[in-house]
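Working notes for the structure below.
The values are calculated or read from the model by the stated rules, or taken from the named source; none is laboratory data. Because the structure is predicted, anything quoted here is derived from the model rather than measured. Using ideal geometry, Cβ is built from the backbone for each residue, glycine included, and neighbour counts are taken over all protein chains shown. Protein only, heavy atoms only, side chains kept; ligands, DNA and RNA dropped before computing areas. Shrake-Rupley method; radii C 1.70, N 1.55, O 1.52, S 1.80 Å.
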Amino acid sequence: DMTEEQNIQVYLTHHLQEIYPTIKVEVHLRPTGFYRGGDARILFRYAHGLKRSSSCGCKRIAHGHLSFIELKTVEYANRNLVGCVLHDIQSYIRNVYFAFRENIITDSPGFVKIAYTCDAGDTYSLELSTDVHDVIVLETETTVENLVNWLVEKYRVQLENAGVTRVYMSEGLMKSAS
């Protein structure tokens with residue numbers, strides 16, 4: 001008998017090979033880190049740019065992620081409080097642009113300009129109307145590790161009151177932090 005993972009691999013390989021008969025298709029499944037055994041989870045979208053990243057895609061000033069935040073709680077946690085905290089977090093960070101203060105060139109009412117030059121010399125610039133776009137400015141580079149630390153500090157009291165013991169955040173396929 002095949003495992004569920006093996007069944008999925010065979011199914012996807014077969015169907016993709018039918019769609020792309022001239023290409024050799026191989027499907028390999030691997031854990032993504034999307035589920036850490038937490039007790040409650042939300043999805044959200046955000047964009048940012050990482051001038052110090054080793055990845056060309058992450059250096060782009062406005063690349064985005066479909067991400068999740070997952071909370072691990074004590075056994076006796078108040079599920080209503082956990083749900084309220086997640087709702088507050090999701091409402092605050094849904095569809096935002098996270099900016100590193102060091103990269104802000106202009107910050108005036110209704111408008112922010114962000115720009116930077118990467119180590120390789122590539123220059124990126126982005127202008128956002130803050131009447132249309134939510135921009136959250138951090139004092140650190142906007143890596144997932146720094147985002148989860150910022151989030152925990154911002155919501156520390158609510159998280160503690162809800163019985164949350166750990167916060168996981170993912171920025172997509174293979175990278176997450178807690």
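Give, as residue ranges, the strands (runs of 3 or more DSSP E) completely inside region 61-127 that count at least 3 residues that are open to solvent by 40 Å² or more (accessible area, probe 1.4 Å). So that I can check it myself, show each step before the final result.
Values: elements: 63-73, 96-100, 104-108, 111-117.
The qualifying strands (runs of 3 or more DSSP E) are 63-73, 104-108, 111-117.
Looking at (1) over 14 Å from the mean Cα position of the chain (by Cα); (2) closer than 30 Å to Cys84 by Cβ, which one does Ser129 not meet, given that it meets all the others?
(2)
Looking at (1) part of a strand (DSSP E or B); (2) within 21 Å of the chain's Cα centre (by Cα), which one does Glu141 not meet, given that it meets all the others?
Only one criterion is unmet by Glu141, namely (1).
Can you name the residue in region 144-178 that is aromatic (Phe, Trp, Tyr) and under 16 Å from the mean Cα position of the chain (by Cα) and, of all such residues, is modelled with the highest pLDDT?
Start the filter on region 144-178 by keeping residues that are aromatic (Phe, Trp, Tyr), which leaves 150, 155, 168.
Now drop any that are not under 16 Å from the mean Cα position of the chain (by Cα), which leaves 150, 168.
Numbers: Trp150: 96, Tyr168: 88.
Per the criteria, the residue is Trp150.
State the number of residues belonging to region 62-121 that are farther than 15 Å from Tyr155 by Cα, under 17 Å from the mean Cα position of the chain (by Cα) and not aliphatic (A, V, I, L, M).
The initial filter retains those residues of region 62-121 that are farther than 15 Å from Tyr155 by Cα, namely 62-68, 74-80, 94-121.
Those still in the list that are under 17 Å from the mean Cα position of the chain (by Cα) too: 62-68, 94-100.
Add one more test, that the residue is not aliphatic (A, V, I, L, M), and what stays is 63-65, 67-68, 94-95, 97-98, 100.
Of the residues in region 62-121, 10 are farther than 15 Å from Tyr155 by Cα, under 17 Å from the mean Cα position of the chain (by Cα) and not aliphatic (A, V, I, L, M).
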